[in-house]
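One structure below.
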Amino acid sequence: IKFGHNIINMASREKTILDCLAHPEYCGGMKEVAPGIFEERDNIDWEKLKGYLHKLGNSAVERRLGFILNVFGVDNSLAKELAEKRYTGYRWLDTLEQKNTFVKSKKFGLLVNVSEEELKSEGF
């Protein structure tokens, strides 16, 4: 964008989502990311997000996104693709949260240390 006489590079909404999922420490964790994705779901270019996701090639990000889309009942081709994918091993849903209490999501290969209720805590 142009700001005064300067050009400032800004990430797209879709790239920002993936950055937040890759680095929860910079955005307040999944309790902040998940409601944001839900709130913006009608403004997200899902094909663009899918392209960025495949280019990124980060399994943890794929798993987190798939889990969040599942929690909020988002039903599109990307959500279906991520739900049908086979994952090996486990990754943490939220690297910022405590790791002494969790449940395993076999579907997404995640150690879920944030409840669905907490992810929806923004009033959704």
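At-a-glance table
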{"read-out": "Scope segment 77-106; condition touching a residue at least 24 places away in the same chain (Cβ under 8 Å) and of a type in the set (A, V, I, L, M); matching residues", "value": "Leu78, Leu82, Ala83, Leu93, Leu96"}
{"read-out": "Lone qualifier among Val74, Val114 - being open to solvent by less than 20 Å² (accessible area, probe 1.4 Å), touching a residue at least 12 places away in the same chain (Cβ under 8 Å) and among the β-branched types (Val, Ile, Thr)", "value": "Val114"}
{"read-out": "Residue count, segment 30-43 (criterion: touching a residue at least 60 places away in the same chain (Cβ under 8 Å) and either closer than 14 Å to Val74 by Cβ or in contact with a Lys or Arg (Cβ under 8 Å, 6 or more places away or on another chain) (or both))", "value": "5"}
{"read-out": "Complete set of residues in segment 32-58 that are open to solvent by less than 80 Å² (accessible area, probe 1.4 Å) and in contact with a Cys (Cβ under 9 Å, 6 or more places away or on another chain)", "value": "Val33, Gly36, Ile37"}
{"read-out": "Qualifying residues in segment 44-81 (those that are among the aliphatic types (A, V, I, L, M) and touching a Lys or Arg at 6+ places or on another chain (Cβ under 8 Å)) - the one nearest to Ala11 (Cα to Cα)", "value": "Ile44"}
{"read-out": "Residue list for segment 47-76, filter: in a helix (DSSP H, G or I) and of a type in the set (Asp, Glu)", "value": "Glu47, Glu62"}
{"read-out": "Residues of segment 77-111 that turn out to be in a helix (DSSP H, G or I), of a type in the set (Gly, Ala, Ser) and buried (at least 17 other Cβ atoms within 10 Å of the Cβ), as a count", "value": "1"}
{"read-out": "Enumeration of residues in segment 1-23 that are open to solvent by 80 Å² or more (accessible area, probe 1.4 Å) and more than 11 Å from the chain's Cα centre (by Cα)", "value": "Ile1, Lys2, Phe3, His5, Asn6, Ile7, Asn9, Met10, Arg13"}
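The values are calculated or read from the model by the stated rules, or taken from the named source; none is laboratory data. Bear in mind the structure is a predicted one, so any value in this text is a computation, not a measurement. Positions of Cβ are backbone-derived with ideal geometry, glycine not excepted, and every protein chain shown enters the neighbour counts. Areas reflect the complete protein model, heavy atoms only, side chains present, ligands, DNA and RNA absent. Shrake-Rupley method; radii C 1.70, N 1.55, O 1.52, S 1.80 Å.
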